[in-house]
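The values are calculated or read from the model by the stated rules, or taken from the named source; none is laboratory data. Since the model is a prediction, treat every value here as computed from it, not as a measurement. Note that each Cβ is placed from the backbone with ideal geometry, even for glycine, and that neighbours are counted across all protein chains shown. Just the protein is used for accessible areas: all its heavy atoms, side chains included, with ligands, DNA and RNA removed. Shrake-Rupley method; radii C 1.70, N 1.55, O 1.52, S 1.80 Å.
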Amino acid sequence: MDQQFYAEYAEIEDTHWWFRGRREIFTRLLAPLANGRRLRILDIGFGTGAMLRFLSDYGDVVGMDMSADAIRFARTRCDRPMLLGDITDVPLATASLDLVTAFDIVEHVDDDAAALAELARVCRPGGHVLLTVPAFQFLWGNQDVISHHRRRYTLGGVDARVRAAGLVPRRLSYFNAFLFPVVAAVRVARRLRGARPQGEIKSDFTMTKPGLVNDVLTRVFAAEGHVVARRRLPVGVSVVCLATRQA
């Protein structure tokens, strides 16, 4: 893939309100796990490497991606070790990690049960898995098409799949709740009208540029971290799950 694509996406990851706010939410969830020690971490599907840098604050992180192009680009931004591999066949020893992360990855996989079972396998008993997936199939839209998603999820669906893999959910919630009414209204209206995108399908991330609006949206989205760390939001555009590997 063209390296220019990765350069453009890297700028989005660094500046867009969605990614900035999401990292603040993850901070709320991850801070209690470290407890003063360095964790052994694997981040699956690290893209341009932004999350590898973020996770380095919590321990010794290794990245894994199935794209050699992604790895080549990420190595220009981050010095963390990186592996070429697939989420259904992780090239690491069983029970070797304290934390495994997969942010918006599982929805791309045909066999999501096998993917979650593999996350559980490489996580030590008592260790944690942190993952996010898009929520509600009726919210299916252009971003899902561009990203080659296979499905979207409900809380119940994530809970059942995570437990079947041998993991116990500790925090399970929808998030990006403040934007949910707008996203739902737009996508349902498009479906009722039978509207089809004309020409090139544009990513939702192109709709907001750096600036005041982007900064305000970042703060509003990040504020959800206070809630998600303690209780469950009833709706949202995405699902976040922090689970523990059973002994």
>> On C-alpha positions alone, give me the angle between the axis of helix 112-122 and the longest principal axis of the chain, in degrees, nearest 10.
In response: 30
> Counting only heavy atoms of protein chains, what accessible area per residue, in Å², does the stretch 1-62 have with a probe of 1.4 Å?
Replying inline: 45
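Please compute the Kirkwood hydrodynamic radius of the stretch 1-89 from all pairs of different C-alpha atoms, in Å with one decimal.
Numbers: mean 1/r = 0.0734 Å⁻¹.
For the stretch 1-89, inverting the mean 1/r across all distinct Cα pairs yields 13.6 Å.
Count neighbours as other Cβ atoms within 10 Å of each site's Cβ, and list the chymotrypsin sites (Phe, Trp or Tyr not before Pro) in the stretch 73-165 that are DSSP loop with at most 16 such neighbours. Mind showing how you got there, number by number?
Values: sites: Phe73, Phe103, Phe136, Phe138, Trp140, Tyr153; in loops: Phe136, Trp140.
Those satisfying the criteria are Trp140.
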> With labels modelled as points extended 7 Å from the Cα through the Cβ direction, what inter-label distance (nm, one decimal) is found for Gln246 paired with Phe5?
Replying inline: 4.0
>> If the only charges are +1 at each Lys and Arg Cβ and -1 at each Asp and Glu Cβ, what is the size of the charge dipole of the stretch 1-65 around the Cα centre, to the nearest 20 debye?
In response: 500
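At 1.4 Å probe size, with the rest of the protein present, what percent of the exposed accessible area of the chain is carbon and sulfur atoms? Don't skip to the end; give the middle numbers.
Working: 6550 of 11730 Å².
In the chain, the share of accessible area belonging to carbon and sulfur is 56 percent.
Report, in deg cm²/dmol and to the nearest 500, the calculated mean residue ellipticity at 222 nm for the chain, where each DSSP H run with n ≥ 4 adds -39500 (n - 2.57) and the sum is divided by the residue count. Walk me through the numbers before you get to the answer.
Details: 10 runs with 101 residues, N = 247.
Calculated from helices alone, the mean residue ellipticity at 222 nm is -12000 deg cm²/dmol.
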> Relative to the longest principal axis of the chain, what angle (0 to 90°, nearest 10) does the C-alpha long axis of helix 212-222 take?
Replying inline: 50
> Per the Cauchy relation, a quarter of the hull surface: what is the mean projected area of the convex hull of the alpha carbons in the chain, in nm²?
Replying inline: 13.2
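Per residue, how much accessible area does the stretch 69-108 show when a 1.4 Å probe rolls over the protein heavy atoms, in square angstrom?
On the way: 1740 Å² over 40 residues.
I get 43 Å² per residue for the stretch 69-108.
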> Can you list residues whose amide H is under 5 Å from Ser173's amide H, if they're 5+ apart or on another chain and H is modeled 1.01 Å from N?
Replying inline: Val240
> Expressed as an acute angle from 0 to 90° and rounded to the nearest 10, what is the orientation of the C-alpha long axis of helix 3-15 relative to the principal long axis of the chain?
Replying inline: 90
